[in-house]
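Undergrad: Let me begin by handing over the structure; questions about it come next.
The values are calculated or read from the model by the stated rules, or taken from the named source; none is laboratory data. Quick caveat: nothing in here was measured; it's all calculated off a predicted structure. FYI the Cβ positions are ideal-geometry reconstructions off the backbone, even for glycines, and counts take in every protein chain you see. Surface areas here come from the heavy atoms of the whole protein model, side chains and all, with no ligands, DNA or RNA. Shrake-Rupley method; radii C 1.70, N 1.55, O 1.52, S 1.80 Å.
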Amino acid sequence: MSFPNISSKLASTPEWEQLQQLTLALEDSSRNISGLFEQDSRRFDHFSLEAAGILMDYSKHLLTTEIRAALIALASTAGMEAAIAAMFAGETINNTENRPALHVALRSPDTGSAEGKLVHAALAQMEAFVERVNGGSWHGHNGQQITDIVNIGIGGSDLGPAMVYEALAPFHVPNLHCHFVSNVDPVHLEQTLDKLDAASTLFIIASKTFTTLETMLNAKAARQWILNSGVPESGLAQHFVGVSANIEKAAAFGIATDNIFPMWDWVGGRYSLWSAIGLSVALGCGMDNFRKLLSGAHAMDEHFRAAPLEQNMPVLMALLALWYHNFWQAESVVVLPYAQNLHLFPAFLQQLDMESLGKQARRDGSPMTIVSGGIVWGSAGTNGQHSFHQLLHQGTHLIPADFIAIKCSASGNREMHENLLANCFAQSQALMDGKDLDQATAELLEQGLSEDEAAFLAPHWVVPGNRPSTTFMLDKLTPFTLGALTVLYEHKVYAHSVLLGLNAFDQWGVELGKVLGKGIYGAITAEENCTAYDSSTNALINRIRS
Ligand code: F6P
């Protein structure tokens, strides 16, 4: 099967029209999600599934079996099955950069294919290095054991490893700490290094291109810090390794070629955590755990590749997202992991989803006529309940929520963990059921308020409800389940891109700002006052110069 060439846009297909009619009829029928549960006592069974250690409960959506069938029909029309096969077959699905997107090869046990050989050789190189560092035979220039790893990278060369390292805190190897520096704001690097001893610090310069401004400047400053700390030039090799697809540039920076770990142009930055970009995770959590992360990722790959569309978790997630953005005017999706260790997961998903799907041109260059990917945001529960959940419950926006719950905690404190889960389930229930005016009035009267007082306050107590959510549940947050969870969202993004007919693997939109930034840096550091731009930009630049 080759990548589907859908000439007609999805919005002009009969399947779209059918979905539109069913959605309108659903709205007119004034049915709500709670009502759907009343009609079907086994609704949970009918709208949930499990794969790769993850339970997906999507019963709390305003979704009927008819609408689900219409959504699946839409996926078929978009050529979903062929598109999935094309990705796994290594076709040139990144058509604007003329290359495949083969991150699935990074976690495949296959050692026979050309990519498989490269991937497994790189894993062996990582394994040998991890053994040396963690075993103490790789040490700083004066023989001191490495105690701190600083990963310098940005975007996909930072967010994935940082998210996984935090998520796998219970698996950290003793006496080794990983730090992640991404921002070109010098305080990020300086405040990180303030606490460290150069003699026992190892930097990983992680950059696919090895040209990214932020990473290059941070790497240069880190090199200077090491030298200023008394490490001789000859000792630098003990303190710097690189991960890059651009070996030449990494070597030109001064990293010994033996200490450069490869990646390849067929791995997109935001899909690169599974490559040597994950070296900090392999060091900080151990190579065995890195391999378990890859196994969980592969298990979800297999599910995505083989499951029929109606039982395919990433496809269902993509269809729900498309439906909400285009038929319900939902502009954003909130992701709420009820697990403190997953606190960086929403930030990771922001790059994954928004850098992949925030586009207005389709694969063939024609304009996007439907709503592209949406805004992804969120934070760890229960903290969000005491800040932005107010808007989820009573604001005028419809914001579908993804809850992520972990059955067994890494902590032995059962009372606190059960409270955490109770809050998670209560939130999805409150979003769905809400509280109407009669209930609010009755509660206020019961509290002893007069009828007038109750009538005044009751509208403020009303929670409209009927707000949709999906709950994902993992038995435990382990390297395996985290790998599967992360890939679930990766494939949701790809499936969503297929529905939208766009290329999920380029990011041309970020280039303009980079080019303009160079010119503005020139203006800030020039001899004379800047007059080249609009009066706002000129004034801002000149204020800095003064
Ligand atoms: O500017 C966007 C971007 O290219 C991301 O897609 C990428 O993850 C990030 O920059 C970092 O790129 P690199 O790994 O080449 O430094």
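Undergrad: Of all residues in segment 201-233, which are assigned to a helix (DSSP H, G or I), open to solvent by 10 Å² or more (accessible area, probe 1.4 Å) and more than 15 Å from the ligand (Cβ to nearest atom)?
TA: Listed by number, the residues that qualify are Ala221, Arg223, Gln224, Trp225, Leu227, Asn228, Glu233.
Undergrad: Something else about it: What's the number of the condition Ala430 fails, among (1) on the phi < 0 side of the Ramachandran plot; (2) surrounded by fewer than 16 Cβ atoms within 10 Å (Cβ to Cβ)?
TA: The single condition Ala430 does not satisfy is (2).
Undergrad: Can you name the residue in segment 144-179 that is of a type in the set (A, V, I, L, M) and within 16 Å of the ligand (Cβ to nearest atom) and is also surrounded by the most Cβ atoms within 10 Å (Cβ to Cβ) among such residues? Don't jump to the end; show me each part of the working.
TA: Going residue by residue through segment 144-179, those that are of a type in the set (A, V, I, L, M) are 146, 149-150, 152, 154, 159, 162-164, 167-169, 173, 176.
Add one more test, that the residue is within 16 Å of the ligand (Cβ to nearest atom), and what stays is 150, 152, 154, 159, 162-164.
Values: Val150: 23, Ile152: 29, Ile154: 21, Leu159: 24, Ala162: 23, Met163: 24, Val164: 27.
Only one residue tops the list, namely Ile152.
Undergrad: Further, regarding this structure: Would you be able to tell me the number of residues in segment 191-200 that are assigned to a helix (DSSP H, G or I) and without any contact (Cβ under 8 Å) to a residue 24 or more places away in the chain?
TA: Within segment 191-200, the first condition is being assigned to a helix (DSSP H, G or I), and the residues that meet it are 191-194, 198-200.
Now narrow it down to the ones that are without any contact (Cβ under 8 Å) to a residue 24 or more places away in the chain: 191, 194.
Number satisfying all stated conditions: 2.
Undergrad: Residue check: is Thr92 within 16 Å of the ligand (Cβ to nearest atom), β-branched (Val, Ile, Thr) and either assigned to a helix (DSSP H, G or I) or closer than 22 Å to Leu502 by Cα (or both)?
TA: Working: within 16 Å of the ligand (Cβ to nearest atom): no; β-branched (Val, Ile, Thr): yes; either assigned to a helix (DSSP H, G or I) or closer than 22 Å to Leu502 by Cα (or both): yes.
Taking the combined requirement at face value, the residue does not satisfy it.
Undergrad: I would also like to ask the following. Failed condition for Trp266, given (1) within 10 Å of the ligand (Cβ to nearest atom); (2) surrounded by 18 or more Cβ atoms within 10 Å (Cβ to Cβ), with all others met?
TA: (1)
Undergrad: Asp258 versus (1) at pLDDT 95 or above; (2) more than 16 Å from the ligand (Cβ to nearest atom): which is the lone unmet condition?
TA: The single condition Asp258 does not satisfy is (1).
Undergrad: Looking at Ser30, Ser59, which is the one that is more than 30 Å from Thr478 (Cα to Cα) and assigned to a loop (DSSP other than H, G, I, E, B)? Give the steps one after another, and end with the answer.
TA: Working: Ser59 fails: more than 30 Å from Thr478 (Cα to Cα).
One residue alone meets the criteria, Ser30.
Undergrad: Turning to a different aspect of this structure: If you scan segment 390-419, which residues turn out to be buried (at least 20 other Cβ atoms within 10 Å of the Cβ) and either part of a helix (DSSP H, G or I) or in contact with a Cys (Cβ under 8 Å, 6 or more places away or on another chain) (or both)? Step through it out loud before you land on a result.
TA: Looking only at segment 390-419, we keep the residues that are buried (at least 20 other Cβ atoms within 10 Å of the Cβ), and these are 392, 399-406.
If the condition is that a residue be buried (at least 20 other Cβ atoms within 10 Å of the Cβ) and either part of a helix (DSSP H, G or I) or in contact with a Cys (Cβ under 8 Å, 6 or more places away or on another chain) (or both), then Leu392, Phe403, Ala405 are the ones that fit.
Undergrad: Sticking with this structure for a sec: Does segment 390-401 contain any residue that is under 18 Å from the mean Cα position of the chain (by Cα) and more than 23 Å from Ser59 (Cβ to Cβ)?
TA: no
Undergrad: Would you confirm whether any residue within segment 237-257 is buried (at least 17 other Cβ atoms within 10 Å of the Cβ), in contact (Cβ under 8 Å) with a residue 40 or more places away in the chain, under 19 Å from Gly136 (Cα atoms) and among the aliphatic types (A, V, I, L, M)?
TA: Checking segment 237-257: at least one residue is buried (at least 17 other Cβ atoms within 10 Å of the Cβ), in contact (Cβ under 8 Å) with a residue 40 or more places away in the chain, under 19 Å from Gly136 (Cα atoms) and among the aliphatic types (A, V, I, L, M).
Undergrad: Right, another one. Every residue in segment 364-397 that is in contact with a helix residue (DSSP H, G or I) (Cβ under 9 Å, 6 or more places away or on another chain), closer than 27 Å to Leu10 by Cβ and more than 16 Å from the ligand (Cβ to nearest atom), please. Explain how you work it out, then say what you get.
TA: Here is the first cut: in segment 364-397, the ones in contact with a helix residue (DSSP H, G or I) (Cβ under 9 Å, 6 or more places away or on another chain) are 368-385, 389, 392-394, 397.
Narrowing further to those that are closer than 27 Å to Leu10 by Cβ: 368-377, 397.
The answer is Met368, Thr369, Ile370, Val371, Ser372, Gly374, Ile375, Trp377, His397.
Undergrad: Do any residues in segment 334-357 that are touching a residue at least 40 places away in the same chain (Cβ under 8 Å) and acidic (Asp, Glu) have Cβ atoms under 8 Å from those of residues that are within 16 Å of the ligand (Cβ to nearest atom) and open to solvent by 40 Å² or more (accessible area, probe 1.4 Å), where the two are at least six apart or on different chains, and which pairs are they?
TA: Once the first residue is touching a residue at least 40 places away in the same chain (Cβ under 8 Å) and acidic (Asp, Glu) and sits in segment 334-357, its partners that are within 16 Å of the ligand (Cβ to nearest atom) and open to solvent by 40 Å² or more (accessible area, probe 1.4 Å) give Glu355/Gln507; Glu355/Val510.
Undergrad: On to the next question. Would you check if there is a residue in segment 124-142 being among the hydrophobic types (A, V, I, L, M, F, W, C), open to solvent by less than 20 Å² (accessible area, probe 1.4 Å) and within 16 Å of the ligand (Cβ to nearest atom)? Steps first, please.
TA: Step one: filter segment 124-142 for residues among the hydrophobic types (A, V, I, L, M, F, W, C), giving 124, 126, 128-130, 133, 138.
From what is left, the residues that are open to solvent by less than 20 Å² (accessible area, probe 1.4 Å) are 126, 129-130, 133, 138.
Imposing the further condition that a residue be within 16 Å of the ligand (Cβ to nearest atom) reduces the set to none.
For segment 124-142, residues among the hydrophobic types (A, V, I, L, M, F, W, C), open to solvent by less than 20 Å² (accessible area, probe 1.4 Å) and within 16 Å of the ligand (Cβ to nearest atom): absent.
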